[in-house]
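Just so it is clear, none of the values below were taken in a lab; they were calculated from the coordinates. Keep in mind that this is a model prediction, so the values were computed, not measured. Counting neighbours? That spans all protein chains shown, and the Cβs are built from the backbone with ideal geometry, glycine included.
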């Protein structure tokens, strides 16, 4: 069963910032890129390391895993270095100033 889960006040996530929030026992990585918000599982597909413990390069729109330096495109969720992987994404909506993700 999927449902929209409120995870954060939209004013708390700034442009070019990433943060991890808890949603129904799942760690969700939120990233704000201009007017858009992306949500991903906070686990690297390589070895399940926390992506929020890594870095976000806003200029390149890349998430860099702290464990093995894998890089992911923050817009598409696809791996950039190395290629061939993808982060698990969640749909996002903002209603009444609150961020919701579809889990």
**Residue list for the range 10-26, filter: farther than 23 Å from residue 57 by Cα and either in contact (Cβ under 8 Å) with a residue 40 or more places away in the chain or not in a loop (DSSP other than H, G, I, E, B) (or both)** = 23, 24, 26
**Request:** Please work out which residue is surrounded by the most Cβ atoms within 10 Å (Cβ to Cβ), limiting yourself to the range 27-47 and to residues that are out of contact with any helix residue (DSSP H, G or I) (no Cβ under 8 Å at 6 or more places or on another chain) and assigned to a loop (DSSP other than H, G, I, E, B).
**Result:** 45
**Message:** So, in the range 48-60, how many residues would count as being surrounded by 13 or more Cβ atoms within 10 Å (Cβ to Cβ), in a loop (DSSP other than H, G, I, E, B) and out of contact with any strand residue (DSSP E or B) (no Cβ under 6 Å at 6 or more places or on another chain)?
**Reply:** 2
**Message:** Of all residues being within 11 Å of the chain's Cα centre (by Cα) and surrounded by 15 or more Cβ atoms within 10 Å (Cβ to Cβ) in the range 76-88, which is farthest from residue 24 (Cα to Cα)? Just the residue, please.
**Reply:** 77
